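Contents: one structure, followed by commentary.
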Amino acid sequence: MGYERKNINSMQGYQYGEQAQGADILKLNTNENPYPPSPKVALALKSFDATTLRRYPNPNADEFCALVAKLHKIEPNKIIATNGGDELLRLAITTFVEPHAVVGRPDPDYSLHSTLAEIQNSRLYSIPLLQNWELPEDFSAKMNAAQASLTFVTNPQTPSGKLLSLSKIRKLVASLNGVLLLDQTYVDFADDKHKQSSIDLINEFENVLILRSLSKSYSLAGLRIGYALGAAQLIQPMRTKTKDSYNLNSITQNLACAALSSQEYMQEIWEKIKISREDLSQSLTAIGWKITPSQSNFLLAETTEKIPKSAENIYSELRQKNILVRYFDQPRTRNALRISVGTQQENQRLLVALKEICAG
Ligand SMILES: *Cc1c(COP(=O)(O)O)cnc(C)c1O
């Protein structure tokens with residue numbers, strides 16, 4: 001036994017996607033954006049004044065939050081900026097969940113939820129998704145019965161890529177007694193109407209937090225920045241009490257402002273990815289894979305009787321060809337690969353490899 005708390009000693013730790021590097025590696029495993037960040041970000045980095053680093057950064061990323069406020073037409077006191085979306089998930093547990101209380105989630109969803117619940121020593125309550133990836137009818141009734149203080153729901157979902165309808169999400173928020181953390185990391189790749197009108201939820205309800213991340217949609221996974229929107233009474237305890245005083249360094253704040261000011265450039269990239277997603281989806285379907293319609297920048301590709309090998313074997317053979325995709329050895333995903341959408345050229349390389357593997 002070490003000196004750490006018992007629950008830390010017995011927990012496993014988050015299993016992150018492989019972060020391999022190398023010129024020939026095609027990385028389609030962690031849903032990174034295949035395009036570079038906005039040229040404004042590169043410019044901001046080049047012209048960043050290193051002498052300003054002797055000062056502490058702005059504690060609440062005020063300039064960044066002002067841009068978020070303008071983008072979503074909401075008040076700045078309904079926004080918190082965090083060190084990646086992951087920091088917000090951790091803050092939400094720290095702030096809203098008593099030790100030993102219940103954290104709820106559908107299963108499957110982002111696996112970091114369980115790791116964070118274990119760190120807090122809270123109890124994780126998972127409710128299986130239906131076969132069509134919808135939440136079961138009694139999802140919120142069960143969460144309420146279990147007295148879940150906080151429920152995570154990712155939408156568009158992972159690993160399916162499916163978008164749950166806004167009316168279902170609204171019903172869910174209205175019926176949950178605890179806080180709903182609606183993780184919209186992938187919403188920039190979804191239907192624009194859903195993306196805009198889901199923001200209204202935070203003005204209508206006092207128990208919903210919406211999480212956005214710049215990692216995937218703004219091509220800034222390496223920068224570490226995300227933000228959450230919610231009623232001031234949800235945001236303020238995190239802003240003023242539970243977050244690190246200086247959770248975002250000044251370089252990140254500066255570059256993130258440049259990224260948010262690049263809506264036109266980003267919009268073009270999101271459209272390109274949506275097109276490649278549909279092309280890739282059609283091509284995979286044509287060679288025998290079953291694809292769940294995705295509103296995200298990845299596809300869940302399930303094997304069918306037309307695919308002669310197991311998903312796990314195909315994952316390994318792809319890896320030997322320097323192509324990384326994600327394989328989750330879990331009941332719902334054992335026969336599937338989660339594939340991040342790359343550029344048209346990258347997707348082509350994947351398709352060629354898949355055809356070779358399945359022919360051999
Ligand atoms: C990637 C991801 C996040 C957050 O990522 P950050 O890089 O920490 O911003 C949150 N939720 C889901 C479902 C994700 O896939």
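The values are calculated or read from the model by the stated rules, or taken from the named source; none is laboratory data. Computed from a predicted structure; not experimentally measured. Every residue, glycine among them, receives a Cβ derived from its backbone with ideal geometry; neighbour counts consider all protein chains shown.
Of the residues making up segment 218-233, those that are more than 19 Å from residue 250 (Cβ to Cβ) and surrounded by fewer than 24 Cβ atoms within 10 Å (Cβ to Cβ) number 5. If you go through segment 254-277 and keep only what is surrounded by fewer than 15 Cβ atoms within 10 Å (Cβ to Cβ) and either over 30 Å from residue 63 (Cβ atoms) or touching a strand residue (DSSP E or B) at 6+ places or on another chain (Cβ under 9 Å) (or both), you end up with just 275.
Matching residues to (1) over 23 Å from residue 17 (Cα atoms); (2) of a type outside the set (Phe, Trp, Tyr):
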{"site": "271", "(1), (2)": "yes, yes"}
{"site": "282", "(1), (2)": "yes, yes"}
{"site": "289", "(1), (2)": "no, no"}
{"site": "300", "(1), (2)": "no, yes"}
{"site": "331", "(1), (2)": "no, yes"}
{"site": "341", "(1), (2)": "no, yes"}
{"site": "349", "(1), (2)": "no, yes"}
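Screening the candidates 30, 52 for the property of being touching a Lys or Arg at 6+ places or on another chain (Cβ under 8 Å), closer than 29 Å to residue 235 by Cα, among the hydroxyl-bearing types (Ser, Thr, Tyr) and at pLDDT 95 or above yields one hit, 30.
Does residue 115 satisfy the condition of being in contact with a helix residue (DSSP H, G or I) (Cβ under 6 Å, 6 or more places away or on another chain), of a type in the set (Ser, Thr, Tyr) and either assigned to a loop (DSSP other than H, G, I, E, B) or within 16 Å of the ligand (Cβ to nearest atom) (or both)? Criteria not met by residue 115. Within segment 40-69, residues that are more than 17 Å from residue 244 (Cβ to Cβ) sit with their Cβ atoms under 6 Å from residues that are aromatic (Phe, Trp, Tyr) and surrounded by 12 or more Cβ atoms within 10 Å (Cβ to Cβ), at 6+ positions apart or across chains, in these pairs: 68/227.
Conditions (1) over 23 Å from the mean Cα position of the chain (by Cα); (2) more than 24 Å from residue 295 (Cβ to Cβ), marked per residue:
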residue	(1), (2)
36	no, no
65	no, yes
68	no, no
98	yes, yes
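Among the residues of segment 261-290, those identified as of a type in the set (S, T, N, Q) and under 22 Å from the mean Cα position of the chain (by Cα) are 261, 262, 263, 267, 276, 281. Within segment 66-94, the residues that satisfy the criterion of being within 16 Å of the ligand (Cβ to nearest atom), touching a helix residue (DSSP H, G or I) at 6+ places or on another chain (Cβ under 9 Å) and part of a helix (DSSP H, G or I) are 68, 86, 88, 89, 90, 91, 92, 93, 94. Could you please let me know if residue 135 is part of a helix (DSSP H, G or I) and modelled with pLDDT of 95 or more? For residue 135, the condition - part of a helix (DSSP H, G or I) and modelled with pLDDT of 95 or more - is not met. Every condition in (1) away from the ligand (no atom under 15 Å from the Cβ); (2) under 19 Å from the mean Cα position of the chain (by Cα); (3) of a type outside the set (S, T, N, Q); (4) within 24 Å of residue 96 (Cα to Cα) holds for residue 180 except the one numbered (1). Each residue in segment 95-112 was checked for being away from the ligand (no atom under 13 Å from the Cβ) and either acidic (Asp, Glu) or within 17 Å of residue 16 (Cα to Cα) (or both), and 2 of them qualify. Scanning for something closer than 30 Å to residue 43 by Cα and of a type outside the set (Asp, Glu), does segment 297-319 turn up at least one residue? Yes, some residue in segment 297-319 is closer than 30 Å to residue 43 by Cα and of a type outside the set (Asp, Glu).
Taken across segment 140-148, residues that are buried (at least 17 other Cβ atoms within 10 Å of the Cβ) and within 16 Å of the ligand (Cβ to nearest atom) do not occur at all.
The set of residues in segment 312-360 that are under 17 Å from residue 108 (Cβ atoms) and either surrounded by fewer than 17 Cβ atoms within 10 Å (Cβ to Cβ) or among the β-branched types (Val, Ile, Thr) (or both) comprises 312, 325, 329, 330, 331, 333, 334, 335, 339.
Residue 200: buried (at least 18 other Cβ atoms within 10 Å of the Cβ) and charged (D, E, K, R), yes or no? Spell out the reasoning first.
Values: buried (at least 18 other Cβ atoms within 10 Å of the Cβ): no; charged (D, E, K, R): yes.
No: the conditions fail for residue 200.
Only a single item in (1) modelled with pLDDT of 95 or more; (2) part of a loop (DSSP other than H, G, I, E, B) is not met by residue 22, and it is number (1).
The helices (runs of 4 or more DSSP H) located wholly in segment 189-265 that include 1 or more residues which are more than 16 Å from the ligand (Cβ to nearest atom), at pLDDT below 95 and under 30 Å from residue 278 (Cβ atoms) occupy 192-197.
Hey, does segment 150-160 have a residue that's touching a residue at least 12 places away in the same chain (Cβ under 8 Å), more than 15 Å from the chain's Cα centre (by Cα) and more than 16 Å from the ligand (Cβ to nearest atom)? The answer is no; no qualifying residue exists.
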